[in-house]
Structures are given as structure tokens and as C-alpha cells.
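To keep things clear, I will list the structure first and then write my remarks on it.
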Amino acid sequence: MAAKKPRVLGIVLAGGEGKRLWPLTADRAKPAVPFGGNYRLIDFVLSNLVNADHLRICVLTQYKSHSLDRHITTTWRMSQTLGNYVTPVPAQQRLGPRWYTGSADAIYQSLNLVFDDDPDYVVVFGADHVYRMDPSQMVADHIDSGADATVAGIRVPRLEATAFGVIDTAEDGRRITQFLEKPADPPGVPDDPSVAYASMGNYVFTTDALVEMLRRDAADENSMHDMGGNIIPNFVDKGTASVYDFARNEIPGATDRDRGYWRDVGTIDSYRDAHLDLVSVHPIFNLYNQDWPIITYQSPLPPAKFVEDGIAKESMIGAGTIISGGEVNRSVLSPDVRVQAGSQVDGSVIMDGVRIGRNAVVRNAILDKNVMLPDGATVGVDIERDRDRFTVTPSGITVVGKGVRVEV
């Protein structure tokens, strides 16, 4: 007789405010930020879970969640006949008149979801990273280890790990002995001292152990009620936390170049850089792998059109976009964009509905939805002028917020 398949509930933490992605998060939650032309950031984690056959998923939302809730309910429709679902769960103040005070508190206040589903294991993933992963392999590793909590770790150069939560393990390379937040001297991995395990913010828990630890944390007035800052360290202190090496995760259709790709797009610079990872001939992250597709809603638009010698090089162009005599280089254009004659777009991310007039220039910039550039307007050319009008990062990336009409 075949072994009983473990019952798994997915919880996606999607309440992040995303202050460092401002102004892209001025009107939306961070997981709802568009990415890669067709997608939103949350589509990556949901695609990973669904492709792995984890089909009962609760998405915990809080900050400016309207567009995120709408995207989930219109895009991620599962078979109710089979008992599957992807459902947004706004903060409900079930335990009193207060909002979520941290990621652990968000789950604690939503334990009714766990009790209703009665899973053997709970998968808790973040909603704002770009990557492919098969969570079922991590669940299997968690079951095999006998741990109460398993943390996904990605190998990064040790000297670069100071920007992450870092996992220190015993000599067996599995049991976690320390969970360090942005350490100045990150510990190396036992089999390779030149790299360290950075936490990916993805966890698997045995359900009873998670519920007990959340209750204990809720009673601690000194806790920040954070999964990475409090819950995981408590399991480490208990000696029942293990690491799952992301390098062991095998994805169908992965290439040597994009295997193990994971990008935290928490800043404007990293967000734009992640887009540039998509457009090379042999992309660092391959959106075209249909063996493990990234799923989203596709607008009923016609194919992109190039007229009057319009051209695009090393770029991705969304459906319904028309490049009419303009030139696009190393950029990602979302659906329903217009680029008129004589205009140049270089090294940029252009979102849905943007209109770029004649002889305009967009360079090293991000234009949010429905931005209007009249004839002759420029963005990313005069950085000092842009600082007075828009958001400009220290590295010189200009961001124009949703619906702005740029002055010439």
C-alpha cells in the first residue's frame, strides 16, 4: 500500500509595506508590484507552490492590499470540487482591535486557518522574491530530518552574507546551531568555508510544534513577533531546527545558467537589476521554462507590433505594445505600451499603459503604470532635474510614479 501523502497547508506572508520600493509601493503592497512584464511578485511563490502540487494556500495580506486581493481572486482560481484554494486573508483583528505586529503575529492571529485545514505540515513562504523552487522537496527533507522547523538556505559568498539572516549549522551541515541577523563575520558552511547560508525566508513546520511556538511567542511581551527574528531562533534554542540547502533543489527544465537563481527585489536597484537578468540571450533567470511555468493572468491583447522601423534589442515586449519608429534596448516593456517615432528607451522597466511620445528619451528608469511622456520629454537624462521631480536612487535609477504626466 502506498504511503499516505502528507497534508500540507501553504501560508504566504504578503503583508509587506515595501518602503524601499517606494514609489512603486505608494499605491500597492510589495507583493503586488508588477514584474517581468506580465507578472506580479506574488506570482513566483504561488507558481512554485502550485507547481509542487501544494494546492491549499492562504495569502495573509494587510498593507494596501486591494490590487493584491483582486489579482489573487481573479487569477488564482483553483478547483473547489477537489478542495483546493488560493485565498487572500486580510488582517481580521480576530484576537482584538489590533493589526499584525509582525510576521509571527500574522500567523498567530490566523491560526483558525490552520485548525480548519488540519494539515500535518505548514509551509510558510515570503511573497516578494524572484526564483523557482520545488517546495515539495523541502517538505520531504523536513520530514526526513525529524525537525520541528526547517529553513531554506541559499549559499552566498561569505563576505556578502552580512546583508542577510545567516544560518550556522553543526558539522553535519543540517542542524541549525545559530540564526544570526546580518552578522559582521558570517560563519561558513561546513563543506565550504568561503560561503554562508543566507535565509531565504522560506520555512516548513510540523504543525503541532508551530502552533505551540506561536502561542509561546504571543505570550512574550518582549518579542517582536517575527518569524525570522523570534520563532526560528526559539526552535534553534530548542535544538529542533534544520536547514534545507537550496542548491539541492531540482527544477525541471532548469539550465546550468539559471539553476539556483534567487533574487531579493527589496530595493529599486535590485528590482531593476532583476529585470536586466531576464533580457540577455542566455538569461540568468529564464522565464521561458515551461516545465515549471510562472503562472499569471494574461490580458486578452493582440501580439506586440513593430512599425515604421521600430526596433527592440535584448528586450522583452508585452502583448498589445506598439513600437512605432522608436528604439528599445535592454529593457522590459509591459503590455499595452506605446513608443513613438524618434524615441529611445534604454536599460528601463516600462509598466502597463505607459505612453511615450515622439523624440522622448527614457534611460535607466522605471515608469509605473499609465505614465505619460509627451513629445520631447526625458527621464534619466538630467539626473539633477529628475531629483527635483521624481525618486532617484543613489546609483542613478529614476522612478516615475503611477499615472504621472512628465513635463517637457
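The values are calculated or read from the model by the stated rules, or taken from the named source; none is laboratory data. This one's a predicted model, so the numbers in the text were calculated from it and none came from an experiment. Neighbour counts run over all protein chains shown; Cβ positions are idealised from the backbone, glycine included.
Would you mind listing the strands (runs of 3 or more DSSP E) fully within region 292-374 where at least 2 residues are at pLDDT 95 or above and crowded, with 21+ Cβ neighbours inside 10 Å?
Details: elements: 305-307, 311-313, 322-324, 327-329, 344-346, 361-363, 365-367.
Filter on region 292-374 gives 365-367.
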May I ask you to say which residue of Val50, Val33, Val8, Val45 is touching a His at 6+ places or on another chain (Cβ under 6 Å), more than 20 Å from Tyr100 (Cα to Cα) and crowded, with 18+ Cβ neighbours inside 10 Å? Val8
Where a residue in region 7-32 is among the β-branched types (Val, Ile, Thr) and its partner, wherever it lies, is assigned to a loop (DSSP other than H, G, I, E, B), with Cβ under 6 Å and at least six apart: Val8/His54; Val8/Pro119; Val12/Ala127; Thr25/Gly18
Filtered residues of region 62-88 (kept if at pLDDT 90 or above, under 10 Å from Ala14 (Cβ atoms) and outside any helix (DSSP H, G or I)): Pro88
The residue that is nearest to the chain's Cα centre (by Cα), considering only those in region 375-385 that are within 24 Å of Ser270 (Cα to Cα) and assigned to a loop (DSSP other than H, G, I, E, B), is Gly380
Quick check on my filter: what residues within region 386-408 are part of a helix (DSSP H, G or I) and either touching a helix residue (DSSP H, G or I) at 6+ places or on another chain (Cβ under 9 Å) or surrounded by 14 or more Cβ atoms within 10 Å (Cβ to Cβ) (or both)? Asp386, Arg389
